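S.K.: Below is a structure I'd like to ask you about.
Just so it is clear, none of the values below were taken in a lab; they were calculated from the coordinates. Just so we're clear, the structure is a prediction, and the values are computed from it rather than from any experiment. Ideal geometry is used to build each Cβ from the backbone, glycine not excepted, and the neighbour counts take in all protein chains shown.
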Amino acid sequence: MTRQEYLRRQKEELGRKVCGVFPAQYPKEILWALGLAPAEIWDPPLASEQAAAHLQPYICSVVRQGLELLMQGQAGVCDAFLFPHTCDSIQNLASVVNDYIGLDKPCYFFYHPKAPYGPPARAYYLEQLKSLASALEPLAGPLDLAELKRRVAQGQEVARLHGQIYHRRAKGELNCSNAAFYQAVRQGEYLFPDDLIPFLEGFLAGAGGHAPRGQRVLLSGVLPNPPEILSLLDDLGVAVAADDFLACSRRYLFAPSASSDPWQALSEQYFALPPCSSKGSPIQERLDYLLASAEQSGAKGVIFYLVKFCEPELFDVPILTEELKKRGLPCLALDVEINQGLSGQMATRVEAFLEMLG
């Protein structure tokens with residue numbers, strides 16, 4: 001079943017409204033509790049035709065492709081859109097969509113705090129959670145706190161399963177290709193938890209065994225696109241041992257809160273997420289996280305997927321690569337556009353890097 005077919009089933013058979021969500025951090029448990037099916041918009045495979053008329057040429061391709069999806073009428077299944085304040089480009093996209101292109105569908109906004117995190121940031125985040133729920137109630141109906149608590153528990157189970165998947169991959173106990181791994185992990189971008197949990201359980205059960213032996217690398221960046229790089233690594237017998245992707249581990253790996261208050265649990269889990277450029281995390285925290293991930297997974301080098309013009313990442317990566325190299329961890333930075341495919345030059349750079357790792 002395709003993503004579009006799945007979302008249409010959510011609407012037509014289960015009576016749920018679909019909310020298109022732009023990257024990246026948002027409390028999906030609130031949407032689940034309100035009966036809204038989140039449909040994340042990261043990298044739709046569309047030819048860019050209309051979005052350029054509304055955006056500067058130096059806007060990243062995640063934003064450009066997201067707007068292209070709307071301009072081409074390919075998001076008709078969505079009843080509303082949610083824009084987290086991930087970066088200035090996403091925030092500007094929210095203004096373009098809400099104020100200028102006449103989409104005629106409600107738009108909602110979520111403002112998560114940036115580091116450093118003190119008591120005011122935590123109080124602010126709690127306020128933002130409740131404000132978002134209140135804003136969505138005219139679209140979806142009143143929020144039931146018992147249902148929110150149930151959905152928070154499901155979110156914790158999803159996190160636990162992702163934690164198992166990542167742990168087993170780091171230990172070399174997951175027998176699947178790099179491409180298949182990310183195809184599975186990214187199902188969480190649109191599957192409702194009632195379907196996502198059994199899917200992840202099935203993936204774990206079906207991917208048992210030992211991973212093929214070979215070089216091990218760590219990937220970092222926004223999302224695993226272009227996917228052809230994953231296929232190249234598969235062809236070369238290279239295992240992705242860990243990742244630091246905004247679309248994946250930076251959102252999925254957290255220690256579940258023990259709080260019985262669902263609002264408090266959501267807040268504690270947000271602040272327990274790995275460090276991220278989009279949240280203003282200090283460079284030292286990101287450096288320590290990457291070094292620990294490489295050590296725990298046996299990765300011998302880091303490949304940065306840099307989405308062209310992604311300012312939050314571009315501020316961090318030059319410093320990270322310099323410091324990682326000082327500590328004996330080689331790095332390769334690839335400047336990519338999503339859905340661009342794999343050029344001969346890029347393939348040669350990856351192969352040369354892997355040869356250097358020996």
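S.K.: Only counting other Cβ atoms within 10 Å, I'd like THR86, THR348, THR321 sorted with the fewest neighbours first.
M.R.: THR348, THR321, THR86
S.K.: Where does the Debye-calculated log10 I(q)/I(0) of region 194-236 sit at q = 0.17 Å⁻¹, using only Cα point scatterers of equal weight, no solvent?
M.R.: The computed values of log10 I(q)/I(0) come out as -0.77.
S.K.: Return ARG349, ARG64 ranked ascending by Cβ neighbour count within 10 Å, so the fewest neighbours appear first. Numbers along the way, then the final one.
M.R.: On the way: ARG349 15, ARG64 23.
So the ranking, lowest neighbour count to highest, is ARG349, ARG64.
S.K.: Order of 95-101, 19-25, 113-119 by packing, highest average Cβ count within 10 Å first?
M.R.: In decreasing order of mean packing, 95-101, 19-25, 113-119 become 19-25, 95-101, 113-119.
S.K.: Could you line up ASP261, ASP88 from fewest to most neighbouring Cβ atoms inside 10 Å?
M.R.: Ranked by crowding around the Cβ, least crowded first: ASP88, ASP261.
S.K.: Over 10 Å intervals from 0, what percent of Cα-Cα pairs in region 212-302 sits in each interval?
M.R.: Computed distribution, short to long bins: 15, 41, 29, 12, 3.
S.K.: To continue, here is another question. Rg/Rh for region 311-358: what does it come to with C-alpha atoms and Rh from Kirkwood?
M.R.: Reported Rg/Rh, Kirkwood definition of Rh: 1.02.
S.K.: Could you give the Stokes-Einstein D for region 138-188 in µm² per second, using the C-alpha Kirkwood radius, 10 °C, 1.306 mPa s?
M.R.: Stokes-Einstein gives a translational diffusion coefficient of 120 µm²/s.
S.K.: Pop a pseudo-label 7 angstrom from the Cα along the beta-carbon direction at both GLN4 and ARG122 and give the gap in nm to one decimal.
M.R.: That separation, rounded to one decimal, is 4.6 nm.
S.K.: Could you name the lysines whose alpha carbon sits less than 27 Å from that of LYS105, not counting residues in the same chain fewer than 8 places away?
M.R.: Cross-link targets: LYS11, LYS17, LYS28, LYS130.
S.K.: Using alpha-carbon pairs under 8 Å, 6+ residues apart, how would you state the relative contact order of the chain in percent?
M.R.: Worked out over the chain, it gives 17 percent.
S.K.: Then there is this: To one decimal place, what Kirkwood hydrodynamic radius in Å is obtained for region 69-133 from all pairs of distinct Cα atoms?
M.R.: For region 69-133, the Kirkwood estimate is 13.3 Å.
S.K.: If I stretch the segment between GLU322 and GLN91 completely, what's the gain in nm (0.36 nm per residue apart, minus their alpha carbon distance), one decimal?
M.R.: Numbers: separation 231, 0.36 × 231 = 83.16 nm, distance 3.04 nm.
Additional length available on full extension: 80.1 nm.
S.K.: Please express the shape of region 3-141 as an equivalent ellipsoid: the semi-axes are the square roots of 5 times the eigenvalues of the C-alpha gyration tensor, given largest first in whole angstrom. Mind showing how you got there, number by number?
M.R.: Details: eigenvalues 116, 91, 29 Å².
That gives 24, 21, 12 Å for the three semi-axes.
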